[in-house]
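The values are calculated or read from the model by the stated rules, or taken from the named source; none is laboratory data. If you're wondering where the values come from, they're calculated on a predicted model, not measured in any experiment. Quick reminder, even Gly has a Cβ in these numbers, built from the backbone with ideal geometry, and neighbours come from all protein chains shown.
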């Protein structure tokens with residue numbers, strides 16, 4: 001259901017956000033879209049929350065995931081850069 005609310009889960013256009021929210025019998029549940037089950041933090045299932053609580057938790061969890069993904073991409077890009085800076089070229093004809 002949270003995917004229907006633009007402020008909840010469209011922070012990154014074209015990116016599937018891992019966390020969403022859906023109504024339950026007593027309020028709202030924050031769930032993991034990839035695993036298809038409620039999120040547990042510190043052994044506590046995030047169920048029966050108010051809309052505002054669930055919405056804020058979804059936003060926080062998705063921002064955290066996006067930041068981790070951004071940092072991972074940056075590390076990969078840095079690792080793939082040529083490391084020839086500071087190296088002297090070999091003399092012509094030298095192999």
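General observations
- Residue satisfying condition, being touching a strand residue (DSSP E or B) at 6+ places or on another chain (Cβ under 7 Å) and in contact (Cβ under 8 Å) with a residue 40 or more places away in the chain, within set 37, 18, 63: 18
- Filter pass, residue 34 being surrounded by fewer than 14 Cβ atoms within 10 Å (Cβ to Cβ), at pLDDT 90 or above and part of a loop (DSSP other than H, G, I, E, B): yes
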